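Asks: Please see the structure below; I have some questions.
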């Protein structure tokens, strides 16, 4: 089933697929999606509290627990807390899905949703989710050639890391629930404010351009250091550390990540370039067609979350003095380039999220005036 709309340029009726209409009505169902996630994770917490296997936090359960903000958690205490918060979250999400609450109750529900979203998407995960996303294509491509040696996909995606992906998904659902609840309980209606203030396409184009520039520079700085190491140049590190990286093969893994960072930086420029709105001529079958907004917004939003999460972990470990390059690696104070670029990642993540939001507001405003669904 599809529902028709009319193009004001051609005058022809256009059909909108059901799934697309369903997505445009996300404010009505996103709260129930968050409730379902919360209930499912709460039941998982109950399973762990009853002695079930798979508690993903703390030493003995997570092989890299020292990287996690919940590295000291224990199933005996942590699992009941997960169960209780999951049940409370399910109730709160249903209330928000039904647009209940005014005054203080509304403020409490919004605050709860924002705190849960930030904790799940930014605080609980660490840089391993970014590493997993970056290394997955490297491993899949190199697997037939036996590279990287001794590494398979399960090494990159152990259960504690998979659980972090689950938490990020829940955090995004809760963030969307907070936005939808805020709109529905204040009488906001869709796109009526598209042309107002900083959300206007012309305004978003200005501040979004600066955000794109920052989003481009930070990953390039990271790529320069890793690229130099691959070329045998000890940029910001000692000769001994470079030899250690070369002996372990990590220098090539860093080079691969640097290539991905450069590719991501170039794609970020598309948020303010014409080819970010219309597919270039050299792309088969798509040349000249408009780029769907979601095709740019969804990947950029996910990357901004992953980068921010990873950066916050590096900042946290540095502030508490617990960051280490490994037992065989030289001292960190002699190898500043091993950490300094990562400390800029929170700035990268915030800038990329702003650039993505600006792209959304700019494209949304144009599509509104073009009568695009």
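Asks: Looking at the stretch 108-131, can you tell me whether even one residue there is surrounded by fewer than 18 Cβ atoms within 10 Å (Cβ to Cβ), modelled with pLDDT under 90 and assigned by TED's automatic domain parsing to the domain that holds residue 28?
Replies: Taking every residue of the stretch 108-131 in turn, at least one turns out to be surrounded by fewer than 18 Cβ atoms within 10 Å (Cβ to Cβ), modelled with pLDDT under 90 and assigned by TED's automatic domain parsing to the domain that holds residue 28.
Asks: Got a sec? Which of 272, 262, 298 is out of contact with any strand residue (DSSP E or B) (no Cβ under 8 Å at 6 or more places or on another chain), in contact (Cβ under 8 Å) with a residue 12 or more places away in the chain, outside the structural domain of residue 169 (by TED's automatic domain parsing) and in a helix (DSSP H, G or I)? Before you say what the answer is, go through the steps one by one.
Replies: Values: 272 fails: in a helix (DSSP H, G or I); 298 fails: in contact (Cβ under 8 Å) with a residue 12 or more places away in the chain.
Testing whether each residue is out of contact with any strand residue (DSSP E or B) (no Cβ under 8 Å at 6 or more places or on another chain), in contact (Cβ under 8 Å) with a residue 12 or more places away in the chain, outside the structural domain of residue 169 (by TED's automatic domain parsing) and in a helix (DSSP H, G or I) leaves just 262.
Asks: I want to confirm something. Restricting to the stretch 231-243 and keeping residues that are in contact with a helix residue (DSSP H, G or I) (Cβ under 8 Å, 6 or more places away or on another chain) and outside any loop (DSSP other than H, G, I, E, B), which single residue is surrounded by the fewest Cβ atoms within 10 Å (Cβ to Cβ)?
Replies: By that ranking, first place goes to 242.
Asks: Check 299, 292, 346 and return the single one that is at pLDDT 90 or above, surrounded by fewer than 16 Cβ atoms within 10 Å (Cβ to Cβ) and within 19 Å of residue 125 (Cα to Cα). Talk me through it step by step, then tell me what you get.
Replies: Working: 292 fails: within 19 Å of residue 125 (Cα to Cα); 346 fails: surrounded by fewer than 16 Cβ atoms within 10 Å (Cβ to Cβ).
So the residue among 299, 292, 346 that is at pLDDT 90 or above, surrounded by fewer than 16 Cβ atoms within 10 Å (Cβ to Cβ) and within 19 Å of residue 125 (Cα to Cα) is 299.
Asks: May I pose another question? Go through the residues of the stretch 220-243 one by one and say whether even a single one is within 19 Å of residue 356 (Cβ to Cβ) and assigned by TED's automatic domain parsing to the domain that holds residue 362. Lay out the reasoning, then the answer.
Replies: Here is the first cut: in the stretch 220-243, the ones within 19 Å of residue 356 (Cβ to Cβ) are 220.
If we keep only those that are assigned by TED's automatic domain parsing to the domain that holds residue 362 too, we end up with 220.
Yes, the conditions are met somewhere in the stretch 220-243.
Asks: Tell me whether the stretch 52-66 contains one or more residues that are over 30 Å from residue 311 (Cβ atoms) and in contact with a helix residue (DSSP H, G or I) (Cβ under 8 Å, 6 or more places away or on another chain). Walk me through how you get there before you give the answer.
Replies: The first filter runs over the stretch 52-66 and keeps only residues over 30 Å from residue 311 (Cβ atoms), leaving 52-53.
Among the residues that remain, those that are also in contact with a helix residue (DSSP H, G or I) (Cβ under 8 Å, 6 or more places away or on another chain) are: none.
Checked the stretch 52-66: no residue is over 30 Å from residue 311 (Cβ atoms) and in contact with a helix residue (DSSP H, G or I) (Cβ under 8 Å, 6 or more places away or on another chain).
Asks: Follow-up question, since we're still on this one. Among the listed residues 142, 146, 187, 150, identify the single one that is closer than 30 Å to residue 101 by Cβ, modelled with pLDDT under 95 and surrounded by fewer than 18 Cβ atoms within 10 Å (Cβ to Cβ). First the steps, then the outcome.
Replies: Numbers: 142 fails: closer than 30 Å to residue 101 by Cβ; 146 fails: closer than 30 Å to residue 101 by Cβ; 150 fails: closer than 30 Å to residue 101 by Cβ.
Going through 142, 146, 187, 150 in turn, just one is closer than 30 Å to residue 101 by Cβ, modelled with pLDDT under 95 and surrounded by fewer than 18 Cβ atoms within 10 Å (Cβ to Cβ): 187.
Asks: Within the stretch 195-207, does at least one residue satisfy the condition of being surrounded by 15 or more Cβ atoms within 10 Å (Cβ to Cβ) and part of a loop (DSSP other than H, G, I, E, B)?
Replies: Looking for residues that are surrounded by 15 or more Cβ atoms within 10 Å (Cβ to Cβ) and part of a loop (DSSP other than H, G, I, E, B), one finds at least one in the stretch 195-207, hence yes.
Asks: Follow-up question, since we're still on this one. Looking at the structure I just gave you, is residue 93 farther than 30 Å from residue 155 by Cα, surrounded by 15 or more Cβ atoms within 10 Å (Cβ to Cβ) and either under 23 Å from the mean Cα position of the chain (by Cα) or not assigned by TED's automatic domain parsing to the domain that holds residue 184 (or both)?
Replies: Values: farther than 30 Å from residue 155 by Cα: yes; surrounded by 15 or more Cβ atoms within 10 Å (Cβ to Cβ): yes; either under 23 Å from the mean Cα position of the chain (by Cα) or not assigned by TED's automatic domain parsing to the domain that holds residue 184 (or both): yes.
So residue 93 passes the test.
The values are calculated or read from the model by the stated rules, or taken from the named source; none is laboratory data. Model, not experiment: these values are computed from the prediction. Don't worry about glycine lacking a Cβ; one is built from the backbone with ideal geometry, like all the others, and counts go over all protein chains shown.
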